């Protein structure tokens, strides 16, 4: 499939998913702040048990969504990253420099902003990675509202930046948000990974064997103490992109089949399950507390400074060029849009502040929603204004 048509399909799916995410989040907020809030809570707390012999996985519906369905989301991210590294926008160093620099700035500065607000509270510091993430679907969904006023190069810049950002978030989760480790489960997971690599090397192109071993890998990782969603990324990296003969690429086949389910099903369900913040008892202090304040300002200001600052530095030093057809005002607008953390921020927040365990559980959602909403509104306004100026200059 040509690169342009692949990107167009990706952008359209992500943009539509972003708008659906907004609807799911709003619906969750409405239901959980209405007389039907008991129904919302009951749904999330519904016990779901899967058992085969002595092996049992018993979790409430919320954790099945966050640990199970989100593994498929991470599988998709892994497939996209591998494709981009081998054949796409991450395959040439010259294409990676600008979004790579922007992504690094967009991860480091928000984390530092959060640290500044919470440096005196050790327990609160667990949330340092929450404002590092960019929600690619949400951000592209907002950008899609501007249509052709935004050059394709700028959309591609945002998409590549967000993919690198997601890869950074995966590394952070693997290193900093794993629990007590089980040696036996890790050994079994290692055996699964060895089998997946062997199948790749032997030229196995059928997806069935990969998915079966991938499911076993997910169970092993779930029981090991490492977060289960990382099994999805590991599986993705083992699925071959290229084949020796004329067979259809297993990676592309799975990516195209999985993308609509993730975009239109899994991510909206995740948003619905995690965005239902109860507003009862919310006061001014709820927003000014150091945890939500650190997250909100990290997303809105930290992301803007990090992404725009490193982009400006890369262009000024001559190591990269501004996206073709874009102006600095549009780049600033996109940098602000990167502050829409939402999906990945909510996910990291659920790991950093475990509901029912951490005193800060729920506070992170206040900061994430506030920062993400402000980033979406301000980013859209700035990008729209800069795009109008660009159009006016083009017709002058």
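Values in this text are rule-based calculations from the coordinates and carry no lab data. This is a predicted model, so every value here is computed, not measured. Quick reminder, even Gly has a Cβ in these numbers, built from the backbone with ideal geometry, and neighbours come from all protein chains shown.
At-a-glance table
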| quantity | calculated |
| --- | --- |
| Packing-based order for 198-207, 27-36, 305-314, using average beta carbon neighbours within 10 Å, highest first | 305-314, 27-36, 198-207 |
| Paramagnetic label zone (point 7 Å from Cα along Cα-to-C-beta, residue 354; backbone N under 12 Å) in region 214-236 | 225-227 |
| Region 325-370 versus region 47-95: alpha-carbon centroid distance in Å | 20 |
| Calculated Cα extents along the principal axes in Å (choose from (1) 84, 45, 38; (2) 94, 47, 43; (3) 73, 62, 38), label | (3) |
| Gained length - residue 328 relative to residue 361, 0.36 nm times residue gap less alpha-carbon distance | 8.1 nm |
| Spread of Cα-to-Cα distances over 5 Å intervals beginning at zero, given as percent, for region 169-281 | 2, 11, 16, 18, 18, 15, 10, 4, 2, 1, 1, 0, 0 |
| Computed lengthening from residue 36 to residue 288, 0.36 nm per intervening residue step minus Cα-Cα distance | 87.9 nm |
| Packing-based exposure ordering (other Cβ within 10 Å, fewest first) of 221, 382, 262, 49 | 49, 382, 262, 221 |
| Residue with peak Gaussian network fluctuation, the chain [Cα springs, cutoff 10 Å], from 26, 357, 142 | 357 |
| Semi-axis lengths (Å, descending) of the ellipsoid that matches the C-alpha gyration tensor of region 301-378 | 32, 13, 8 |
| Square roots of 5 times each gyration tensor eigenvalue, C-alpha, region 266-340, largest first, Å | 33, 17, 9 |
| Region 118-142-region 159-216 distance, computed between alpha-carbon centres (Å) | 24 |
| Column: log10 I(q)/I(0), Debye, Cα scatterers of region 37-96, q = 0.24, 0.26, 0.27 Å⁻¹ | -0.94, -1.00, -1.03 |
| Length released on extending from residue 244 to residue 45, taking residue separation times 0.36 nm less the Cα-Cα span | 66.8 nm |
| Projected label distance in nm at residue 216 and residue 191, using a 7 Å step from Cα toward the beta-carbon | 0.7 |
